[in-house]
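Just below is one structure, and these are the notes that go with it.
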Amino acid sequence: MLPVAPDRPSPALRRAQRAWTLLHADSSRSIALAEQALAKAGEDALAQAWARLVLGYNRLNLATPAEALSALEPLRADFERLGDRAGALLLEAGIARAWWRQGRLHEAHHHLLHLRDEGLHRLRHEQRSVLLNAIAGTHSVLGDSEQAFAYMASALRDARPRHAPGFEVVLHCNLANELMQLGDSEAALVQLDEGLERCRRLSNPRVLASLLINRIVVLTDLGRAHEALADVDAVRAIPADEQGRGCNVSCFEILALAALRAGRIALGRELVDAAEAAHHEPIADEMHEIAQARALLAAAEGDVEGGRALMAPLRARLLDDAGDDGLSLRVRSGGLQLLSELDERAGRPDAALAVLRVWQRVQAQRAATASRARTQAALLQTELMRLHRQLGEQQARRRETERARAELQAINEQLSRQVREIERLQVRLREQAARDPLTGLFNRRHLADALPAMLALARREGQPLAVAIIDLDHFKGVNDRHGHAAGDEVLTAFARLLLDESRASDVVCRWGGEEFCLLLPCTGAVAAAHRLERLLLRWRAQVFGPDGPPLADLSFTAGVCDCTDPGADGEALLQAADQALLAGKRAGRAQVRCVQD
């Protein structure tokens, strides 16, 4: 990512170029080199402009948006006078990012789109990645995941670690964040682990903190907050200042939510206090998560009504499907879950159920958005085809001329490595798309694909199709008393029992957490209920012996329906089964409820 430079750049300009290259690999060294370039620039206006651009980008990463703008905006006249369009475009991209951090989302988005065409024409490689990544970020916060993934994929292709080490780590972090918003936590963990592995070669506390904070979010969303405590400690060890992770990624509210979900009330209280004292811009997600952390802390300390009161100002926005204030689906989903928990604990089951229905709609919206965002997989397939075609063309040219053989061989080896990497990624994507990694059962995404087809086939052949949702009773108590390893053992044992009792034509899915979903073709609701009652008897006979007291007399509650209503679609069947399940839980659990009961 080098600036436009004369044929023989001055020593000061070379230092500024090196400072830009190290922007994401070693922030302290980048700042030091930029300051040295300024000191040695003399009359070299180009070196001065690029050194100040580097310092402005570092302010953007480590200081407040207002401080970054005060460093960047005066450079507009310098780059215009110098006629350096590459520098000017990168400057405007940085200014737009500062606007975005101030909550001026639409203004930043339109400004970046105005730069796009000229940027694609003038910028090269990592310079272009910086612009594409900024555009992807605004698409993401505006809820357009399809475009966000498209721009991120393009940015990742242009990022070259040899020329600008560390920027590809930023892109892995951003891809993980987008996957988090869509609810694809397992895929997000893959991106985060890859980013953390690459981050070990860098000296950039801000990027490391961003990766760790994203992993804390994912683990908390997966109900594994206790696993995130080590990452919480690691983030807290990085100073929240310009020598560490910067004030833009303090994220104490995220750390507080993880600590409280893990049962660490004292730590959660300390982190909530830190979140309230930290610098914040008017960004919807941050404001909502601070309020959620306060409410969760109040509830953890026994003041459930106080927690509900703290959430009261957010309730209307969380329940409003038409909100347009930049609140992400992930944060809205978390807020709805907390509202429902507090309502239930306060003895308001009707209110809790109403909130859960909105939460279900939000989850369905996330799933639909994730489905559309599979454009990413299509982009990878297109890239694979392009690489195969290029490989064949390069091989043909190699046969035509021996003189270019060495160069073509190097190109072919690079293309072959890319092909193998994309093919491996496609295999992993296919596996992740269909299976739950813990139990080996089909996952919710597969269910969303299978249910409409099975329902259409059942109606075409005039056969019933039963849908059952099963919830393991008091599963949280297993985790609390025996640990998550014992909980995982219970989940995998129940999955094996389901498979033992299933026919080849049945579809058995892990619905999420301790919930499972069955699709039973050629089976009515009553017959399915009888099967589940026999399954309940077998499950109650199971005994597990983890460390501590043995686990026995396990039970589950199930809700069953079938497709006898000709107007019901797949979503309606799932909702009917879920309502039957909720009725069974309210009636004392350990039972099977049929919609026809």
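Evaluation of residue 576 against the conditions (1) free of Cβ contacts under 8 Å to residues at least 12 places away in the same chain; (2) more than 29 Å from the chain's Cα centre (by Cα); (3) under 21 Å from residue 362 (Cα atoms) shows that the sole unmet condition is (1). As a summary of the residue check, residue 402 satisfies the conditions (1) within 29 Å of the chain's Cα centre (by Cα); (2) surrounded by fewer than 16 Cβ atoms within 10 Å (Cβ to Cβ); (3) modelled with pLDDT under 70 except for the one numbered (1). The residue list 72, 60 contains one member that is hydrophobic (A, V, I, L, M, F, W, C), at pLDDT 90 or above and closer than 22 Å to residue 206 by Cα, which is 72. Of the candidates 177, 204, the single residue that is touching a residue at least 24 places away in the same chain (Cβ under 8 Å) and under 11 Å from the mean Cα position of the chain (by Cα) is 177.
For the stretch 309-321, the criterion of being assigned to a helix (DSSP H, G or I), modelled with pLDDT under 85, of a type in the set (A, V, I, L, M, F, W, C) and closer than 16 Å to residue 257 by Cα is satisfied by no residue at all. Of the residues making up the stretch 282-327, those that are surrounded by fewer than 21 Cβ atoms within 10 Å (Cβ to Cβ), closer than 22 Å to residue 180 by Cβ and of a type in the set (Gly, Ala, Ser) are 284, 291, 323, 326. In the set (1) closer than 23 Å to residue 118 by Cα; (2) under 37 Å from the mean Cα position of the chain (by Cα), the condition left unmet by residue 32 is number (1).
Meeting the requirement of 2 or more residues that are among the β-branched types (Val, Ile, Thr) and within 35 Å of the chain's Cα centre (by Cα), the helices (runs of 4 or more DSSP H) wholly within the stretch 446-559 are 484-500.
Looking only at the stretch 52-66, residues that are farther than 20 Å from residue 128 by Cβ and in contact with a Leu (Cβ under 9 Å, 6 or more places away or on another chain) come to 4 in all. Report yes if some residue within the stretch 14-34 is surrounded by 20 or more Cβ atoms within 10 Å (Cβ to Cβ), of a type in the set (D, E, K, R) and part of a helix (DSSP H, G or I); otherwise report no. Scanning the stretch 14-34, I find at least one residue that is surrounded by 20 or more Cβ atoms within 10 Å (Cβ to Cβ), of a type in the set (D, E, K, R) and part of a helix (DSSP H, G or I), so the answer is yes.
Residue-wise test of (1) modelled with pLDDT of 80 or more; (2) crowded, with 18+ Cβ neighbours inside 10 Å; (3) more than 14 Å from the chain's Cα centre (by Cα); (4) not charged (D, E, K, R).
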{"site": "110", "(1), (2), (3), (4)": "yes, no, yes, yes"}
{"site": "130", "(1), (2), (3), (4)": "yes, yes, yes, yes"}
{"site": "145", "(1), (2), (3), (4)": "no, yes, no, yes"}
{"site": "150", "(1), (2), (3), (4)": "no, yes, yes, yes"}
{"site": "160", "(1), (2), (3), (4)": "no, no, yes, no"}
{"site": "173", "(1), (2), (3), (4)": "yes, yes, no, yes"}
{"site": "191", "(1), (2), (3), (4)": "yes, yes, no, yes"}
{"site": "217", "(1), (2), (3), (4)": "yes, yes, no, yes"}
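Based on this model, can you work out whether residue 120 counts as touching a helix residue (DSSP H, G or I) at 6+ places or on another chain (Cβ under 7 Å) and either within 20 Å of residue 154 (Cα to Cα) or part of a loop (DSSP other than H, G, I, E, B) (or both)? Answer is yes for this residue. For the stretch 433-445, the set of residues classified as in a loop (DSSP other than H, G, I, E, B) and either in contact (Cβ under 8 Å) with a residue 60 or more places away in the chain or within 15 Å of residue 562 (Cα to Cα) (or both) consists of 436, 437, 438, 439, 441, 443, listed by residue number.
Given the criteria surrounded by fewer than 16 Cβ atoms within 10 Å (Cβ to Cβ), modelled with pLDDT of 65 or more and closer than 30 Å to residue 216 by Cβ, does residue 345 qualify? When the stated conditions are applied, residue 345 passes them. Evaluating residue 449 against the criteria (1) in the same structural domain as residue 568 (by TED's automatic domain parsing); (2) touching a Ser or Thr at 6+ places or on another chain (Cβ under 6 Å) leaves one unmet condition, (2). For residue 392, are the conditions met, namely being at positive phi and at pLDDT below 85? When the stated conditions are applied, residue 392 does not pass them. Looking at the structure I just gave you, is residue 146 among the acidic types (Asp, Glu) and touching a residue at least 12 places away in the same chain (Cβ under 8 Å)? For residue 146, the condition - among the acidic types (Asp, Glu) and touching a residue at least 12 places away in the same chain (Cβ under 8 Å) - is met.
For the stretch 57-93, filtered to residues that are of a type outside the set (A, V, I, L, M, F, W, C) and closer than 18 Å to residue 126 by Cα, the residue that is surrounded by the most Cβ atoms within 10 Å (Cβ to Cβ) is 57.
Say we look at the stretch 561-573 and pick out the residues that are in contact (Cβ under 8 Å) with a residue 60 or more places away in the chain and not in a helix (DSSP H, G or I); which of these is surrounded by the fewest Cβ atoms within 10 Å (Cβ to Cβ)? Within the stretch 561-573, the match that is surrounded by the fewest Cβ atoms within 10 Å (Cβ to Cβ) is 566. Evaluation of residue 302 against the conditions (1) at pLDDT 85 or above; (2) in a helix (DSSP H, G or I) shows that the sole unmet condition is (2).
Restricting 491, 472, 520, 498 to residues that are surrounded by 15 or more Cβ atoms within 10 Å (Cβ to Cβ) and either over 17 Å from residue 539 (Cβ atoms) or aromatic (Phe, Trp, Tyr) (or both) narrows the list to 520. Based on what the data block shows, is residue 294 modelled with pLDDT of 85 or more and under 25 Å from the mean Cα position of the chain (by Cα)? Spelling it out, residue 294 is indeed modelled with pLDDT of 85 or more and under 25 Å from the mean Cα position of the chain (by Cα).
Looking at the structure I just gave you, is residue 486 touching a helix residue (DSSP H, G or I) at 6+ places or on another chain (Cβ under 8 Å), farther than 29 Å from residue 587 by Cβ and at pLDDT below 90? Spelling it out, it is not the case that residue 486 is touching a helix residue (DSSP H, G or I) at 6+ places or on another chain (Cβ under 8 Å), farther than 29 Å from residue 587 by Cβ and at pLDDT below 90.
Checked against (1) touching an Asp or Glu at 6+ places or on another chain (Cβ under 8 Å); (2) under 21 Å from residue 51 (Cβ atoms); (3) of a type outside the set (S, T, N, Q), residue 103 passes all but a single condition, namely (2). Only one of the listed residues (119, 87, 137, 83) is among the small types (Gly, Ala, Ser) and at positive phi. That residue is 83.
Of note, residue 256 does not satisfy the criterion of being modelled with pLDDT of 85 or more, more than 21 Å from the chain's Cα centre (by Cα) and assigned to a helix (DSSP H, G or I). Does residue 134 count as hydrophobic (A, V, I, L, M, F, W, C), in a helix (DSSP H, G or I) and under 15 Å from the mean Cα position of the chain (by Cα)? In short, no.
The values are calculated or read from the model by the stated rules, or taken from the named source; none is laboratory data. This structure is a prediction, so every number in the text was calculated from the model and none was measured. Neighbour counts run over all protein chains shown; Cβ positions are idealised from the backbone, glycine included.
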